[in-house]
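Take a look at the structure set out below.
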Amino acid sequence: MQYGEIYVGGRWVPADGGGTFEVCSPSTRERVGRAAAGGPAEARRAIDAAADAFPAWAATPARDRGLFLLKIRDLMLERLEPLARTITLEQGKPLKEARAEIAYAAEFVTWSAEEGKRVAGETIPASTPNKRHLVLKQPIGVVGAITPWNFPSAMITRKVAPALAAGCTVVVKPAEQTPLSAIELFRLFHEAGLPAGVANLVTGEPAPIGREFLENPRVRKITFTGSTEVGKILMRGAADQVKKISLELGGCAPFIVFEDADLDKAADGLVITKFRNAGQTCICANRAFVHEKVYDAFQERLVGRVRTLKVGDGLAEGTTIGPLIDRAAFDKVSEHVGDAVRQGARVLCGGRGTPESGQGRGYFYEPTVLGESTPAMKVVSEETFGPVAPLVRFRDEEEVLRLANDTTYGLAAYFYTRDVGRVVRVMERLEYGIIGVNDPAPAVPQAPFGGFKESGIGREGGKYALEEFLEIKHVAMIV
Ligand code: ADP
């Protein structure tokens with residue numbers, strides 16, 4: 001397998017000067033591959049290739065664009081096992097989760113292939129007999145996509161598939177921690193016969209490549225998934241050219257257990273949303289609010305379940321919690337737990353890095369439950385992005401809604417109850433873009449995904465995803 005190259009205009013080529021950077025496993029810290037150290041010059045060439053390919057791709061019937069996508073989907077499912085192993089190698093998540101990611105990633109491709117055929121304009125009745133008003137929906141142009149490391153494959157297809165289905169061409173810059181999954185996906189794009197320049201990949205320096213996306217007028221749209229901090233940099237930069245931008249940023253999801261909830265299902269649900277991908281998903285529960293009447297019973301159920309999780313190398317049989325992505329992530333989780341303990345939280349299980357970390361191996365952190373947590377603690381008020389579940393007591397619905405909404409984030413929120421009136425009241429008042437009612441896994445390819453407030457702008461998923469890559473044109477005519 002040959003890595004260390006970028007994909008521009010349908011060809012694999014080295015970065016100028018041949019530079020590469022190492023990709024290391026977060027489980028072993030050993031090198032698992034190399035990627036090309038591209039920069040603004042490579043990004044510029046990729047943008048040019050995408051711009052050159054745009055007119056023909058935009059003019060290709062949606063049905064035919066969809067056929068390319070379905071071919072890509074077929075190849076992804078055929079190669080599911082090696083693609084999943086690459087995710088686990090460079091990102092650390094358990095192989096079972098990596099396989100699920102590839103299946104999920106492939107679903108975005110299928111869905112977009114089908115939906116591309118349904119992009120339709122409209123005619124609007126005129127106010128005078130001699131006029132006609134048409135609305136056209138046209139692909140916006142070259143898209144610059146910047147993707148994160150937590151879902152190295154799915155976050156690429158979630159952007160690239162609807163962009164291509166809409167008739168746009170793309171340049172992708174994947175996260176520096178996980179470029180190998182991107183490279184493997186692009187090999188499949190090539191194998192599927194995607195015309196040269198329609199999809200391009202540039203690995204390398206984040207800020208300079210990002211700046212090129214912002215400053216190059218041939219890029220008409222930026223789509224980004226990552227931290228709120230970087231999202232704000234991109235949004236400021238996009239202002240100069242009033243460049244269209246969609247942002248899928250951080251979260252601080254509340255998980256509310258009301259007194260009438262099915263506590264077993266709620267405990268199962270919290271384990272799923274909190275500990276999947278070692279707590280490194282933007283929609284994972286960050287803080288659990290538990291009604292005081294059921295607090296002890298819920299805590300006991302939760303801790304019993306969390307103790308059964310198995311930390312280890314994602315490639316090892318039976319592992320359910322892999323490592324954190326890097327040292328910075330490990331340090332942040334340790335700092336949040338330390339801060340909570342200093343402020344009176346009780347460590348009910350976990351609470352430290354596993355011995356492997358101390359021995360200079362992976363960045364493992366034990367799955368942790370913190371009792372008696374409060375909103376003053378960082379682990380409750382900030383995005384921890386790790387396997388730590390802080391439990392906060394609450395007294396009534398009004399109080400918990402206030403606590404849940406008291407954040408600058410607004411991506412996902414979860415609540416468990418069997419009272420249908422409460423379902424309606426609470427779902428309507430939560431200021432979040434994605435709500436799971438007794439459902440710990442609300443994200444599906446056919447539904448909108450995105451946040452309120454500082455969690456983002458725009459939506460991915462379903463028909464909403466395609467809208468982000470289309471311009472609306474009004475044509476008025478006198479006949
Ligand atoms: P995290 O903190 O979770 O790694 P980031 O927002 O830093 O999230 O990273 C998400 C993506 O944004 C990655 O592909 C990363 O390389 C990229 N990135 C980081 N900094 C910048 C920047 N200044 N401009 C453009 N992209 C950036």
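Structural remarks
- Per-peptide average of other Cβ atoms within 10 Å, ordering 120-127, 199-206, 462-469 highest first: 199-206, 462-469, 120-127
- Placing dummy labels 7 Å off each Cα toward the beta-carbon, the span from Arg342 to Ala120 is 6.1 nm.
- In units of the rule-of-thumb radius 2.2 N^0.38 Å, the range 51-154 shows an alpha carbon radius of gyration of 1.50.
- Members of Lys221/Lys332; Lys93/Lys453; Lys221/Lys473 lying beyond 23 Å, as alpha-carbon distances in this model show: Lys221/Lys332; Lys93/Lys453
- All lysines inside 27 Å of Lys293 as judged from Cα atoms, apart from same-chain residues fewer than 8 positions distant: Lys265, Lys274, Lys378
- Ratio Rg/Rh, restricted to the chain and using Cα atoms, in which Rh is the Kirkwood radius: 1.00
- If you wrap the range 253-444 in the convex hull of its Cα atoms and look at it from every side, the mean projected area works out to 10.3 nm².
- At 0.890 mPa s and 25 °C, Stokes diffusion of the range 231-275 via Kirkwood alpha-carbon radius, µm² per second: 177
- The listed peptides 59-71, 31-43, ordered by packing as a protection proxy, come out as 31-43, 59-71 (highest mean of other Cβ atoms within 10 Å first).
- In the chain, the DSSP beta bridges split such that about 40 percent are antiparallel, to the nearest 5.
- For the listed peptides 339-350, 81-92, a ranking on the average number of other beta carbons within 10 Å per residue, highest first, reads 81-92, 339-350.
- When every Cα-Cα distance of the range 218-298 is counted in 5 angstrom steps from zero, the calculated P(r) takes the values 3, 14, 18, 15, 11, 9, 9, 8, 6, 4, 2, 0 percent.
- Rounded to two decimals, the Cα-based Rg/Rh of the range 306-385, with Kirkwood Rh, is 0.98.
Since every read-out is calculated from the coordinates, none of them should be taken as a lab result. The shown structure was predicted, so the numbers you read here are calculated from the model rather than taken from an experiment. Note that each Cβ is placed from the backbone with ideal geometry, even for glycine, and that neighbours are counted across all protein chains shown.
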